[in-house]
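**Student:** Would you mind keeping the following structure in view while I ask a few things?
The values are calculated or read from the model by the stated rules, or taken from the named source; none is laboratory data. Nothing here was measured: the structure is a model prediction, and the numbers come from that model. Because the Cβ atoms are built from the backbone with ideal geometry, glycine has one as well, and the counts that use them run over all protein chains shown. In case anyone asks, the SASA skips ligands and DNA or RNA and just uses the protein heavy atoms, side chains included. Shrake-Rupley method; radii C 1.70, N 1.55, O 1.52, S 1.80 Å.
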Amino acid sequence: SESLSHAAVYEADERIRSVIHIHHGPMWEAGLNRMATTDSAFSFGTPEIALNIAGLLRNERIRESGILIMGGHPEGILFFGNSPGDAGQRVLDYLKEVAHD
């Protein structure tokens with residue numbers, strides 16, 4: 001159901017080679033509308049959210065952050081990077097950030 005969303009991330013930048021999709025309420029709440037967040041009107045797995053993701057990832061700063069909060073997918077967060085280790089490190093770094101706030 002999430003293949004369109006993941007494909008939008010991969011297509012945004014050829015350097016992106018890994019996407020990690022997690023569900024975590026506190027991390028999602030902490031980033032909602034404070035970090036790059038998809039429109040809450042778009043549900044997961046739809047063409048609309050994939051297009052919204054593609055639009056957000058036109059911004060180089062967002063691509064470099066490696067994190068997208070899925071506004072219309074409660075608890076859904078996408079982390080991405082140039083390798084599984086890179087994307088995984090972004091998950092851990094963000095978890096530490098949220099835990100310290």
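**Student:** For residues in the range 11-42 being in contact with a strand residue (DSSP E or B) (Cβ under 7 Å, 6 or more places away or on another chain), closer than 12 Å to residue 69 by Cβ and of a type in the set (Ser, Thr, Tyr), which is surrounded by the fewest Cβ atoms within 10 Å (Cβ to Cβ)?
**Tutor:** Checked the range 11-42; the qualifying residue surrounded by the fewest Cβ atoms within 10 Å (Cβ to Cβ) is 37.
**Student:** So residue 61 clears everything in (1) surrounded by fewer than 17 Cβ atoms within 10 Å (Cβ to Cβ); (2) of a type in the set (D, E, K, R); (3) in contact (Cβ under 8 Å) with a residue 40 or more places away in the chain; (4) not in a loop (DSSP other than H, G, I, E, B) except one condition, right? Which one?
**Tutor:** Single failed check for residue 61: (3).
**Student:** Separate question: Being β-branched (Val, Ile, Thr), within 21 Å of residue 81 (Cβ to Cβ) and out of contact with any strand residue (DSSP E or B) (no Cβ under 7 Å at 6 or more places or on another chain) is the filter here; which residues of the range 43-54 pass it?
**Tutor:** 49
**Student:** Looking only at residues in the range 25-43 that are more than 12 Å from the chain's Cα centre (by Cα) and assigned to a loop (DSSP other than H, G, I, E, B), which one is nearest to residue 96 (Cα to Cα)?
**Tutor:** Once the filter is applied, the top-ranked residue is 34.
**Student:** When you scan the range 66-101, how many residues do you find that are within 16 Å of residue 10 (Cβ to Cβ), open to solvent by 10 Å² or more (accessible area, probe 1.4 Å) and in a helix (DSSP H, G or I)?
**Tutor:** 3
**Student:** When only residues in the range 44-57 that are part of a loop (DSSP other than H, G, I, E, B) and open to solvent by less than 50 Å² (accessible area, probe 1.4 Å) count, which is nearest to residue 3 (Cα to Cα)?
**Tutor:** 45
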